[in-house]
Amino acid sequence: MLPWTVLALLVPYVVAAPASSDCTGTISSLDDVTDAVECTTVNVNSFTVPAGETFTLSLLSGTTVNINGDIAFGNETWSGPLFEVKGDDITFNGNGYRFDGGGPYYWDGEGTDGGVTKPHPMMKVEISGTMTDVYVVNSPAQCFSVSNTGPLTLSDITVDNSQGNAANSASGSDPAGANTDGFDVAGSDLLITKSTVINQDDCLAINSGSNITFSDNSCADGHGISIGSISSDKTVSDVVISGNTVTNSQQALRIKSDADATDSSVSSVTYSNNKATGITKYGVLITQSYPDSVGTPGTGTTFSGISFTGGATTVAVESTAEMVAVDCGSGSCTGTWDWSDLTTSGGEDGAITNADISGFTQ
Ligand SMILES: *[C@@H]1O[C@H](CO)[C@@H](O)[C@H](O)[C@H]1NC(C)=O
Ligand SMILES: *[C@@H]1O[C@H](CO)[C@@H](O)[C@H](O)[C@H]1NC(C)=O
């Protein structure tokens, strides 16, 4: 028999022996989450997340998540988020099941600017890896917030807030849904592709980051594809917007910086092969006057190298809309602006201020 002193020495090794993560965890309620995320395969069954709680997945590196049923969220006026996923090298398979944010319960036409408190963002994504085939319906306000920890591809994502286009008893004559941004991005090395957004605000809004590609997506009914609004001390660089379709939206393509922003820049943005129709305010709007569309531009943000090259982008606007408006502060729009692959039609010429654009006339 071993003396007790030797046994005592062995105890820490037994206790510390790592549990294997090579297992499958199954989630059918929030009670299952803590144990399930100890495994590198996580299967999620259909369930309703209790009102006022976030469904958070803090995953081990290399985890595969399989959504195997619809997820609903209890209705309550609180700030959210409703769903959050974190981890590196994650494979997230949505399998087309629905995440239902219960938007109509909250919508009052005021979004996050007023009215009732709405949980937002609905879907907070802080992973690297891939996320595919996720179907989100009726986000209370902003839908996806993406701040990825490493290279990330989002593909075949749907944000369907079409129900928010109609007015309701709380919104008067305005659409009930508001500030229902599709993707709000603060991250680098990001590809968002083959996705669909039907909403009442920006389809995409890039707030900071580099090496961001938005390709082959469809945006409808909202405010179009945006970089910004850029606030102080933000950098956006190396953005490609290609092969997208924008329909029935206020703008098609927009870059906006806050008029009072300082020490910020947006550089190397390329638009190619996009197609927009039914644009009601501005086809292309590049402005340093935000929140005004065209106003008194600030000079604290530099926009450089904004180009329409590499394939025809066509923008058809309504007759009362402006085809292109560029509102730069003096000396704040720099570099080469080659717009030779942009064609606009249908509306009025907008003003182009403090920008040296080549290859394009409205
Ligand atoms: C929340 O309310 C909305 C709108 O009435 C409804 O569609 C949704 O099913 C509700 N969610 C739950 C979990 O009951
Ligand atoms: C740019 O981002 C994409 C998408 O995540 C990634 O595959 C690629 O490696 C990145 N490029 C560089 C130069 O880091």
Degrees, to the nearest 10: 4-16 long Cα axis against longest axis of the chain: 30 degrees
Filtered pair list for the chain (Lys only, Cα < 19 Å, 8 or more apart or interchain) has a length of 4
Could you grab the relative contact order for segment 99-253? Cα pairs under 8 Å, six or more apart, rounded to a whole percent. 19 percent
Given the candidates G350, Y97, G310, the one whose Cα lies deepest towards the positive end of the charge dipole of the chain, counting +1 at each Lys or Arg C-beta and -1 at each Asp or Glu C-beta, is G310
Apportionment of accessible area to carbon and sulfur, segment 78-215, percent (1.4 Å): 44 percent
Sorted by average packing, counted as other Cβ atoms within 10 angstrom per residue and highest first, what order do 205-213, 353-361 take? 205-213, 353-361
Give me a comma-separated list of calculated 3J(HN,Hα) values for segment 197-207, in order, Karplus coefficients 6.51, -1.76, 1.60 applied at θ = phi - 60°, integers in Hz, x for any Gly or Pro. 10, 10, 7, 10, 8, 4, 5, 10, 9, 8, 9
Mean accessible area per residue over segment 30-91 (1.4 angstrom probe, all protein chains present, square angstrom) is 41 Å²
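The values are calculated or read from the model by the stated rules, or taken from the named source; none is laboratory data. Predicted, not measured: the structure shown is a model, and the values here were computed from it. Reconstructed Cβ throughout: ideal geometry from the backbone, glycine too, with neighbour counts over all protein chains shown. Accessible surface is based on the protein model in full, side chains and every heavy atom, while ligands, DNA and RNA are left aside. Shrake-Rupley method; radii C 1.70, N 1.55, O 1.52, S 1.80 Å.
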